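The values are calculated or read from the model by the stated rules, or taken from the named source; none is laboratory data. Quantities reported herein were computed from a predicted structural model and do not represent experimental measurements. Cβ: placed from backbone, ideal geometry, glycine included. Neighbour counts: every protein chain shown. For accessibility, only protein heavy atoms count, side chains too; no ligands or nucleic acids. Shrake-Rupley method; radii C 1.70, N 1.55, O 1.52, S 1.80 Å.
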Amino acid sequence: MIVHPLDCQCETTVELNNPFHYEPDTMCMAAFEELKRHVITETTPEIRRELDTGKMLGVLVVKDKDGGIGFLAAYSGQLGGKFDNEYFAPAVFDYLDDDGYFKTNERRISTINTEITTLKNDANYLADRELLVTKKAEADKQLENYRQYMQEQKQKRILLRGGDDGTSKYNNEILIKESQFQKAEYKRLRHAVEEQLAEIKNRIDDHESKIERLKAKRKQESEDLQNWLFRHFVFMNVSGEYKNLLDIFRDFNGTVPPSGSGECCAPKLLQYAFIHGLKPLSIAEFWWGEPPKLEVRHHLHHYPACNGKCKPILDFMLRGMSCMENMPDKCQILDFQTVYEDEYLAVVNKPAGMLSVPGKSKCVSVAEISKQKFGAESMVAHRLDMATSGLILIAKNLDIYTKLQRQFLNHEVKKIYYAVLDGEVKKMEGTISLPLMADIADRPRQKVDFTHGKPAVTIYKVDKIEDYRTYIHLYPQTGRTHQLRVHCAHRDGLGAPILGDTLYGETKADRLFLHAQKITFIHPANGKIMTFEVKADF
């Protein structure tokens, strides 16, 4: 059975919640409790072990044509090596049939991979590459030895030409012919070694051209197969319209769908509901199992649909459907506190909820107010997240701005943040070093990546721990986007998200409990060390 009964005396909503910004309602929580019970008591040990390694699960509360309330469940990607499971909503398109088009062509591409690997490891090819290195070194040494010989002979001829008894015209001609002969001999030697090396190079080039042709073939066949797959992922929206992934992403932002698009929970759930005439009432996605190595995910916490893969799809699927709006930007805060000001710069205390610089929303920013307060040339020297409060430097002209920027680049500006974490940390002080990069598939999220990420280092000291909350000082040694938020929330960091951080945590609060409390820098005009501190109001 795919639609499961829901024993919940809950008030149904008129509008579907926004999949990208929501708090699970009582219906979704009741549905998820049923899903938890199923996972714990009714799945096989193999499936349970796979889920425990980490998987996104989703629920969609629906109403049928007779007014009955139930829910659908889904998992992202595959489970047990397949898309379909009798308890869960099926895949939008199941391409895992072993004898089907996708798997058949996937095996053919794998055959090309094998051919490439075989060519790369060919014994004669590897021997030729080693031989080329050896012969090149021998040739270089042989030519260098002859060049030294020519130089020695040239010095002898110079001495002969400059002798006290003079040099006859006949003897001078002999010396000239000797020089010409040696130069010609060097050219013959160089030509001979080049011919010898060319023979080896040609064998290598012929072999590598075969590899490159196979790589080009593999790339083309992979692209063709991926596009075939995208064309067969066809989605239905609430109006009964159909569109495949290629068309959805092209119409949304002109891009090609990322790999794995359409395999997340939300599209699966909505597709089944629309096809079977079920009205979606409420949707939520939860992480089950161990946290992943790169992203910030915690067991049983709910998360929004991803922006990279799901936003274009859901934009099409929900078009024409009454849905709750995104949470409006909190624009009620229209000013900041000026902590210090002179003719060159200012230090201001930005409240939580105010932008540092103008963004997509229409909320007023520190940069805009600064131009009104400190002059049209004023510029924000660095940024804080909209949700973060604290101290920001304002440069009153381009020269001061440039000098402050140089201090930031040289790590000469020192900042101390104060935060409240949702949880208890194990060590009272330490250093977190987790390299970060943007999560391309789910901006503005950042993720840990030890291969491609930029270095990010944070020193921390715990102030106190009370009521399962950690009060802590954070000393960022680098300035990566969302560095403190990820370092606190990630399993290899402190494992406790900042209170109120809905991007990397779950516990709601009236604000993000992160404050840039103290800043120290060198005054660009007079060289004095300046320190300012404003304690958090939480």
request  = Within 10 Å, count the other beta carbons around each residue, average over each peptide in 389-399, 124-134, 475-485, and list them highest first.
outcome  = 389-399, 475-485, 124-134
ask   = So how strong a dipole does the range 190-259 carry about its Cα centre when Lys and Arg Cβ are +1 and Asp and Glu Cβ are -1, to the nearest 20 debye?
value = 120
ask   = What part of the accessible area of the range 85-231, given as a whole %, is carbon or sulfur when the probe is 1.4 angstrom?
value = 50
task = Evaluate the distance, in nm, between pseudo-label points positioned 7 Å from the Cα of Q78 and of A137 along their respective Cα→Cβ axes.
result = 4.6
task = Let me have the 222 nm mean residue ellipticity of the chain computed from DSSP H runs of 4+ only, each contributing -39500 (n - 2.57), with the sum over all residues rounded to the nearest 500.
result = -13000 deg cm²/dmol
ask   = Assigning unit charges at the beta carbon (Lys, Arg +1; Asp, Glu -1) and nothing else, what dipole magnitude in debye, to the nearest 20, does the chain show about its Cα centre?
value = 2120
task = Any chance you could run the full-extension gain for L334 through V256? It's 0.36 nm times the residue separation minus the Cα-Cα distance, nm to one decimal.
result = 24.1 nm
key: Cα-centre dipole for the range 37-93 with unit charges at Cβ (Lys and Arg positive, Asp and Glu negative), debye to 20   = 140
task = Return the distance in nm (one decimal) between the two label points of a simple spin-label model at R231 and K63, each offset 7 Å from Cα along Cα→Cβ.
result = 4.0
query = Measuring from a point 7 Å past the Cα of E195 along Cα-to-C-beta, which residues in the range 122-149 have an amide N at less than 13 Å?
reply = none
key: Amide H contacts of L514 (H built 1.01 Å from N, under 5 Å, at least 5 apart or other chain)   = S389
remark   = Options [x] 34.0, 125; [y] 23.1, 78; [z] 24.6, 76 for Rg and Dmax of the Cα atoms in Å; the value derived from the coordinates is listed as [x]
query = Near K371, which lysines are there with a Cα under 21 Å away, not counting those fewer than 8 places off in the same chain?
reply = K350, K360, K362, K396, K403
message = I'd like the FRET efficiency for V357 and E412, computed as 1/(1 + (r/R0)^6) with the beta carbon distance as r and R0 of 30 Å, rounded to 0.05.
response = 0.85
Unit charges at the beta carbon, dipole of the range 385-538: most positive-side option, V534, S433, Y401 = Y401
request  = Describe numerically, in nm with one decimal, the distance between label points set 7 Å from Cα along Cα→Cβ at T104 and at R443.
outcome  = 4.0
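Count the DSSP beta bridges whose two residues both fall in the chain, then state the antiparallel fraction as a percent rounded to the nearest 5.
Percentage antiparallel, nearest 5: 95.
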note = Measuring from the longest principal axis of the C-alpha atoms of the chain, the long axis of helix 123-161 (C-alpha) lies at a number of degrees, nearest 10, equal to 40
key: Surrounding net charge for H207, when Lys and Arg each add one and Asp and Glu each subtract one, Cβ distance under 15 Å   = -2
key: Extreme residue, positive dipole direction of the range 263-306, given options P292, A305, L269 (C-beta unit charges)   = L269
request  = Return the whole-Å distance between the Cα centroid of the range 454-532 and the Cα centroid of the range 244-296.
outcome  = 32
inquiry  = As an exercise, use a Förster radius of 51 Å and the Cβ-Cβ distance of K210 and D492 to find the FRET efficiency, rounded to the nearest 0.05.
reply    = 0.70
request  = Provide the net charge surrounding E178, with neighbours chosen by a C-beta distance below 14 Å and charges set as Lys +1, Arg +1, Asp -1, Glu -1.
outcome  = +3
inquiry  = Please give me the summed charge of the neighbours of I40: other residues whose Cβ is under 15 Å from its Cβ, Lys and Arg +1, Asp and Glu -1.
reply    = -1
Residue among G359, Q182, A376 farthest towards the positive dipole end of the chain, charges placed on Cβ = Q182
ask   = Where only protein heavy atoms count, and the probe is 1.4 Å, what is the accessible area per residue for the chain in Å²?
value = 53
ask   = Could you give the angle, 0 to 90 degrees to the nearest 10, between helix 26-42's Cα long axis and the longest principal axis of the Cα atoms of the chain?
value = 70
remark   = For the chain, the longest principal axis of the Cα atoms and the Cα long axis of helix 265-275 enclose an angle in degrees, to the nearest 10, of 60
